[in-house]
1. Among the residues of the range 601-643 satisfying the criterion of being under 23 Å from residue 677 (Cβ atoms) and exposed (fewer than 13 other Cβ atoms within 10 Å of the Cβ), which is modelled with the highest pLDDT?
2. Would you confirm, using the coordinates I've provided, whether residue 432 is touching a helix residue (DSSP H, G or I) at 6+ places or on another chain (Cβ under 9 Å), more than 24 Å from residue 272 (Cα to Cα), in a helix (DSSP H, G or I) and touching a residue at least 60 places away in the same chain (Cβ under 8 Å)?
3. Considering only residues of the range 414-449 that are among the polar types (S, T, N, Q) and under 19 Å from the mean Cα position of the chain (by Cα), which is farthest from residue 378 (Cα to Cα)?
4. Test of understanding: among 325, 332, 416, 363, which residue is outside the structural domain of residue 256 (by the TED database) and under 28 Å from residue 456 (Cα atoms)?
5. For the range 1-109, please list each of the helices (runs of 4 or more DSSP H) lying entirely inside it that holds at least 1 residues being out of contact with any Pro (no Cβ under 6 Å at 6 or more places or on another chain) and modelled with pLDDT of 90 or more.
6. Might you let me know whether the range 519-538 holds any residue that is among the acidic types (Asp, Glu), farther than 24 Å from residue 326 by Cβ and touching a residue at least 24 places away in the same chain (Cβ under 8 Å)?
7. Take the conditions touching a residue at least 12 places away in the same chain (Cβ under 8 Å), under 24 Å from residue 445 (Cβ atoms) and surrounded by fewer than 19 Cβ atoms within 10 Å (Cβ to Cβ) and apply them to residue 477. Does it pass?
8. Which residues, counting only those in the range 115-134, are exposed (fewer than 15 other Cβ atoms within 10 Å of the Cβ) and part of a loop (DSSP other than H, G, I, E, B)?
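The values are calculated or read from the model by the stated rules, or taken from the named source; none is laboratory data. No experiment lies behind these values; they were computed from the predicted model shown. FYI the Cβ positions are ideal-geometry reconstructions off the backbone, even for glycines, and counts take in every protein chain you see.
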Amino acid sequence: MANISIDVRKKTIQELINEEIPSGKYWLPSFQRHYVWDSDNIKELLDSIVQNYPIGATILWKPSPEVASDIDPTSIPMLDGVPSNTQDRYFVIDGQQRTASLLLLFNNWSIKRGGEIITCDPIAYDPVSNKFMRHRNRGIDCSKIVKAFCLHDVDILSELKSNTTGDDFNKIRSMAQKILEYPIPQYIMETTGEQETTDEENIFSKMAEAFIRINKEGIRIGNVELMLSFMAGTLSGELKSRVVKLCKELENRDIMVQPIMRSVFSNLGLSQTQIAKPKQFKANIAKIKGILKEDLDNRLGVSERSLRLTAEFLEKEFGIHNARLLPSQTALIPLSTYFGKNNFENIDQMPDLDRKNITSWFLLVNLNGHYSSSVDTRLNRDIEIIRNSDSFPFLAMQETMKVRKHIDFEYIQDGLERNVVREANKAFTFILYILLTKNKADDWGGRLIASRNLNELEKHHIFPQEYLKKELELDDVEDPAEVETIVSNLANITFIHKPVNGSVSDAGPIDYLVQFIDRAKLHFIPENKDLWTKEAYNNGLFQDARIRLIFEAAQKYFPDVFIDFDYKENAVNTLKLGKSIKKSKQLIGEQTIEHLDNILGVEPVIVSILNKLKPIDQDIIVNRRKSYISLRKNINFAYFRLKTDKIWLTVKAPHNILVDIVKNHTISGSNGRDGNQYTDIAIENENNLDEVVMAIQEAYKLQK
């Protein structure tokens, strides 16, 4: 009889890295394959550890040794080169990003996993400021520090002693000890007796129930991913071997197991909502096993062909060889449905109108975050629409989009307010990459970007990070998120070949860009050298010029998606008073709410609201941009936007918290691209100003 037990234990980071992972115990299930964190995430992780903040539990599944190697045939060890330990295997269900980041720290910022080399920029520690930073030339490399104090590297330890003062050395040692001794909670679900049961799927069903129990305790895990993994584990015979073969084939394009299994199970007659429900687990398995062999072979053939055509479409239409570029791989499933119902052998057989409409739809759903919520319901609806249409039903699919049916200039301009190298803002680098391939941009090394694998490219800062931090004195800016946005906004990022990126020093573009000018203009970099100066960047002139060039290219290549209106006039409205980046209360672009006497060019109704907010906190920052006004304390928590002759207030507070506050006007809730919940409130006149002020107060409380 199959049994399951749940245990909780703690392992220090030193135990985890030095003993546990090298033993070969830790394995990644297929749905946890990709490492998506960047250096900023690692920096925040280290800061949280040193300050003894909670970083979350790791959740592990330990099956019995007899079935461990068969549970997930496409799983891989957490680290290449460790023993292939099948007698005592732990599947990392949740926590692999944190664990891989710690491995990078202990392995000089480079590890190999599943044959793939994973690297990141070094994180340094400055004992003077007691801060972590992403820097190659300042501070002390944290990887060196842990080698000195964890691996007891005598040479590095001697180097640290020689190059630092006694006080600084003690700070470094204290910081290292905090990292090494930090305890990470682990939930371990151990299953035994799987091989004794005749009910093959029983253990997977029990596992599903166990995860639901853990979720109720506040540890959230994606049930759908688990269901897909567990269902894949119950497959056997030719069905299993063909699915595994398809997964391994598409793995070369970094297409994840989830969209593959969703597509396969959809073709096997399961709805997306059925897949997601643990209680239907047994019924789903029974339904698949009840399919006759001839029918099963046909449905698998459809899945294989449709998914290969989906990958071919991405490559030929967008120049995408690697699905990691996509904001969401869920959009691949409706594509696969379309190719599955049509008997194309290659995408050249597609009708031109279908190709055009699919291209527009695919861009919109990825830029909109269409599948960021209610995934199963939306997938079911979209799959059904496609199956019931003779051609690709673009208009019907467009009608189901709740956020926006076109992309305007304001959307692209919003990339100036985001750190686009972060995973949460991937939509911006997604569209930038596609526009570069459409524009036949090369990698500054002689080859087209479209011909390169994503692993051969790096996100390049046109104004180098260290250059901006030094020239704009960004170390004086208190909010790290603000620095990230200044340095890594959409206007300052492009894709180039890794060796070229490594050869560019920390000099400003005025010094290095001239040698790449013919190539740089294909990257939408302004040719006017007056815009390559720190003054132009500080005043937003470079960013404004490049954003316009990016939007013009988007309109040129995708006119059905990026709406054609006179954005040049729209961008210059009554709020344009100029701006400066360096943080100061005396700047034209921002000021504290305490000093509202000179807030020119702003609607009187907004001034009235701001005056009502003064008693809350006179140090709230009012920041005026071209298309909106934001309020910030620790972070931005409220925005005023001028749209369709109305003023809209957007607050970073969920709809359900504010429904009892804003009673005299309809309000709508939405999920932002940063994952937070927002609420929009229309301000048509002065009838609901008191309620608006109360809503802003609530958002202010939530952000503290």
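1. 634
2. yes
3. Of everything passing the filter in the range 414-449, 419 is farthest from residue 378 (Cα to Cα).
4. None of the others qualify; the one that does is 416.
5. It comes to 39-50, 96-106.
6. Taking every residue of the range 519-538 in turn, none turns out to be among the acidic types (Asp, Glu), farther than 24 Å from residue 326 by Cβ and touching a residue at least 24 places away in the same chain (Cβ under 8 Å).
7. Spelling it out, it is not the case that residue 477 is touching a residue at least 12 places away in the same chain (Cβ under 8 Å), under 24 Å from residue 445 (Cβ atoms) and surrounded by fewer than 19 Cβ atoms within 10 Å (Cβ to Cβ).
8. 115, 128, 129, 130
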